[in-house]
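Participant: Here it is: the structure, laid out below.
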Amino acid sequence: MKLYNTLTKKVEPFVPNQDIEVKMYTCGPTVYNYAHIGNLRTYIFEDVLEKSLNYLGYKVKRVMNITDVGHMESDDGSGEDKMIKGAKREGKSVFEIADFYTKAFLEDLTKLNIKKPDIIRKATDHIADYIEIIKVLLEKEYAYIANGNVYFDVTKMPDYYQLSGMNESDLIVGAREEVEEDKDKRHPFDFGLWFTKSKYANQILQWDSPWGKGYPGWHIECSAIAIKMLGDKLDIHCGGVDNIFPHHTNEIAQAEAYLGHKWCNYWLHGEHLNDLTGKMSKSKGEFLTLNLLQEKGYNPLVYRFFVLQSHYRRQLIFTYDSLNTATIAYNKLKSRISNLEINEDEELQTALINKYKEQFINCIEDDLNTANALTVLFNLLKDEELNNRSKLWLIDDFDKIFSLDLTKNKEEVDSDLIKYVEQKIAERKIARQKGDYELADKIRDELEEKKIILMDTNNTTKWRMEE
Ligand code: AMP
Ligand code: ZN
């Protein structure tokens, strides 16, 4: 297995610390709102990584956190706590918000066939662990107290800039716009480990600590949870590229200062999904959630398919046009597979199977090249020498990583689309009865864009997918 390591900026052979055991930590969501489909792209990439390692014979133990405290609007620690902002927005308590959006997040994972990480931990359940680490950091003088808050001193870590690959002055220029100067910090990149003097004195989430009643910074939670659940050596740590600086940079600094040795060998980052306006946002423009896609008739697995068609380290632009194209390709693929009938006398063709399996493994081992792995799938479907039994065997085998329900009943998988089209047909019927032909035509056009063709008969409307 070869993987691109952000730490070394190279594609490297993957060698775990302990034989075939892989300890993997993936940063989880901040549960103040729904995940947008960009966030979900990162979770799909991490799912593919975990399943690929398992497919190749490794044993992965994966941990994810749920951030329900401490993540400020800006990753440098300035701004308001996202959870409190979410609670105010909805007139609910932070606990209700956390509970609701954690459930919504887990539902999104299920819809996208993302395996739930083995261990999921809430940040608020680990306060004692943060306090323990912060105490040691103060003892070792990697941390200092200023105006009641505890900060990490980044100047004590000579390799602080390694992960980002940037130097101090470039990072300062890059960060300047967002940084709201905290006068208590000695260096602009020092970060809060524990806050007692927050700008928001009415911060609901507060705990006792040796430094006074307060709350933890965001960065400390991931390192502490990872160390607690996976021990003091980690094989893989993942997130989206926005996590490289400052979040993961700070995680490395505090974890290695605390442990006194190298912590994690491989840092993997998924590139962003953007929309046509640029950065995907939860507050500006259309808030693209998986639920929204479903309301518009898209199968969540089509979104997964769309994501797998590109490499995780490439930026991807989301448009409805490309999702429509993915829908057609996915439906064609599914119907080709559902037409594969096995003859009783067909036997598994081991030599051919091994050939395709080897090609598939080569793609996966090549830094998770899912796009090429899908090409192997399309090629085997066209292969006239390969019998249907062998084809189906291979498709099921590859689907352990793709997780696209390739051999599952088509109707079952398409139920969102069917519901959506039926709803639109009903809306169109009402519009026509009211004489609102403009709206009726608009609905027909909207469906046609998705390659759904309506056929009006005497008193009913039938539909079909354009080939
Ligand atoms: P958050 O809930 O903001 O902490 O983000 C959850 C995960 O989504 C993190 O791993 C981020 O790095 C990742 N992420 C944020 N924005 C995007 C995006 N536009 N595309 C892909 N991943 C993203
Ligand atoms: Zn994290």
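Participant: If you line up the long axis of helix 437-449 against the longest principal axis of the chain, both from Cα atoms, how many degrees apart are they, to the nearest 10?
Facilitator: 80
Participant: Heavy atoms of the protein only, probe of 1.4 Å, neighbouring chains included. What is the accessible area of Val376 in Å², nearest 10?
Facilitator: Roughly 10 Å² of Val376 is accessible to a 1.4 Å probe.
Participant: Find the accessible area per residue for region 1-122; the probe is 1.4 Å, ligands and nucleic acids are left out, and the unit is Å².
Facilitator: I get 38 Å² per residue for region 1-122.
Participant: While we're looking at this one, here's another question. Towards the positive end of the charge dipole of region 275-412, with charges on Cβ (+1 Lys, Arg; -1 Asp, Glu), say which of Thr277, Ala373, Leu292 has the farthest Cα.
Facilitator: Comparing the listed Cα positions along the dipole, Thr277 ranks first.
Participant: What does the charge count around Asp367 come to, taking other residues whose C-beta lies under 9 Å from its C-beta (Lys +1, Arg +1, Asp -1, Glu -1)?
Facilitator: Result for the local shell: 0.
Participant: Also, I was wondering about something else. Express the carbon and sulfur contribution to the solvent-accessible surface of the chain as a percent, rounded to the nearest whole number, probe 1.4 angstrom.
Facilitator: 48
Participant: Helix 320-338 versus the longest principal axis of the chain: what angle, 0 to 90°, nearest 10, using Cα atoms?
Facilitator: Tilt relative to the chain: about 60 degrees.
Participant: Moving on. Relative to the Cα centre, what is the charge dipole magnitude of region 181-240, using +1 at the beta carbon of each Lys and Arg, -1 at the beta carbon of each Asp and Glu, and rounding to the nearest 20 debye? Kindly include the intermediate steps, with their values, before the conclusion.
Facilitator: Values: 8 positive and 8 negative charges, 38 e Å.
I would put it at about 180 debye.
Participant: Then there is this: Taking R0 as 45 Å, what FRET efficiency do you get between Ser164 and Thr350 from their Cβ-Cβ distance, rounded to the nearest 0.05?
Facilitator: Values: r = 48 Å, r/R0 = 1.07.
Efficiency, rounded to the nearest 0.05: 0.40.
Participant: Then there's this: Quick check: net charge around Ile353, other residues with Cβ under 13 Å of its Cβ, Lys/Arg +1 and Asp/Glu -1?
Facilitator: For residues surrounding Ile353, the net value is -3.
Participant: Next question, about the same structure. Which of the aspartates and glutamates could a cross-linker bridge to Lys140, judged by Cα under 13 Å and excluding same-chain residues fewer than eight apart?
Facilitator: Glu132, Asp153, Glu256
Participant: Semi-axes of the equivalent ellipsoid for the chain, please: Cα gyration tensor eigenvalues, times 5, square-rooted, ordered largest first, whole Å. Working shown, then result.
Facilitator: Numbers: eigenvalues 391, 178, 61 Å².
Each semi-axis is the square root of five times an eigenvalue, giving 44, 30, 17 Å.
Participant: Can you give the alpha-carbon Rg of region 375-467 over 2.2 N^0.38 Å, where N counts its residues? Can you show the working numbers first?
Facilitator: Values: Rg = 19.0 Å, N = 93, 2.2 N^0.38 = 12.3 Å.
Relative to the rule-of-thumb radius for its length, region 375-467 sits at 1.54.
Participant: I would also like to ask the following. With an 8 Å Cα cut-off and a minimum separation of 6 or more residues, compute the relative contact order for the chain in percent.
Facilitator: Working: 672 pairs, mean separation 80.3, N = 467.
Over the chain, the number comes to 17 percent.
Participant: In debye, nearest 20: dipole of the chain around its Cα centre with unit charges on the Cβ of K, R (+) and D, E (-)?
Facilitator: Details: 63 positive and 78 negative charges, 118 e Å.
It comes to approximately 560 debye.
Participant: Nearest 10 degrees is fine. How inclined is helix 350-365 to the longest principal axis of the chain, computing both from alpha carbons?
Facilitator: Taking the Cα atoms of the chain, the angle to 350-365 is about 40 degrees.
Participant: Please give me, ordered by residue number, the GluC sites (Glu not before Pro) of region 340-443 that lie in loop per DSSP and have at most 16 other Cβ atoms within 10 Å. Kindly include the intermediate steps, with their values, before the conclusion.
Facilitator: Values: sites: Glu341, Glu344, Glu346, Glu347, Glu358, Glu365, Glu384, Glu385, Glu411, Glu412, Glu422, Glu427, Glu438; in loops: Glu341, Glu344, Glu346, Glu347, Glu384, Glu385.
Here the sparse-neighbourhood loop sites are Glu341, Glu344, Glu346, Glu347, Glu384, Glu385.
Participant: Something else now. By a straight-distance test (C-alpha under 21 Å), which lysines pair with Lys183 as possible cross-link partners, with residues fewer than eight away in the same chain excluded?
Facilitator: Lys156, Lys197, Lys199, Lys213
Participant: In addition: How would Trp463, Trp211 rank on accessible area, largest to smallest, probe 1.4 Å?
Facilitator: Largest to smallest exposure gives the sequence Trp463, Trp211.
Participant: Among Lys296/Lys400; Lys334/Lys451; Lys419/Lys462; Lys59/Lys115; Lys115/Lys408, which pairs are too far apart, with a Cα-Cα distance over 19 Å? Intermediate values should be presented prior to the final figure.
Facilitator: Values: Lys296/Lys400 28 Å; Lys334/Lys451 16 Å; Lys419/Lys462 14 Å; Lys59/Lys115 14 Å; Lys115/Lys408 17 Å.
Distance filter (> 19 Å) returns Lys296/Lys400.
Participant: Among Lys116/Lys284; Lys51/Lys391; Lys82/Lys122; Lys51/Lys111, which pairs are too far apart, with a Cα-Cα distance over 19 Å?
Facilitator: Violating the 19 Å limit, Cα to Cα: Lys116/Lys284; Lys51/Lys391.
Participant: Any idea of Met455's accessible area? Nearest 10 Å², probe 1.4 Å.
Facilitator: Near enough 70 Å² of accessible area.
Participant: From the residues Ser52, Phe306, Ile353, which one has its Cα farthest along the dipole of the chain in the positive direction, the dipole being from +1 and -1 charges on Cβ of Lys/Arg and Asp/Glu about the Cα centre?
Facilitator: Positive-end residue among those listed: Phe306.
Participant: Find the relative contact order for region 1-108 and round it to a whole percent, using C-alpha pairs within less than 8 Å whose residues are 6+ positions apart. Please report the intermediate quantities before stating the final value.
Facilitator: Working: 118 pairs, mean separation 30.5, N = 108.
28 percent.
Participant: I've got another one for you. Once a ≥ b ≥ c are taken as the square roots of the eigenvalues of the Cα gyration tensor of region 2-270, is the result rounded (a/c under 1.5), prolate (a/b larger than b/c) or oblate (a/b not larger than b/c)?
Facilitator: It is oblate, given that a/c is not under 1.5 and a/b is not larger than b/c.
Participant: Related question: Can you pull out the GluC sites (Glu not before Pro) in region 19-110 whose DSSP state is coil and whose Cβ has at most 16 other Cβ atoms within 10 Å?
Facilitator: Sparse-neighbourhood loop GluC sites (Glu not before Pro): Glu73, Glu80.
Participant: Taking only C-alpha pairs under 8 Å that are 6+ residues apart, what is the relative contact order of region 254-390 in percent?
Facilitator: 24
Participant: Can you give the accessible area of Thr26 in Å² (nearest 10), computed on protein heavy atoms with a 1.4 Å probe?
Facilitator: 0
Participant: Relative to the present Cα-Cα distance, how much length would full extension add between Lys92 and Ile20 at 0.36 nm per residue of separation?
Facilitator: Residue separation times 0.36 nm, minus the Cα-Cα distance, leaves 21.4 nm.
The values are calculated or read from the model by the stated rules, or taken from the named source; none is laboratory data. Predicted, not measured: the structure shown is a model, and the values here were computed from it. Backbone-built Cβ (ideal geometry, glycine too); neighbour counts: all protein chains shown. The area values use the complete protein model at the heavy-atom level, side chains included, leaving out ligands, DNA and RNA. Shrake-Rupley method; radii C 1.70, N 1.55, O 1.52, S 1.80 Å.
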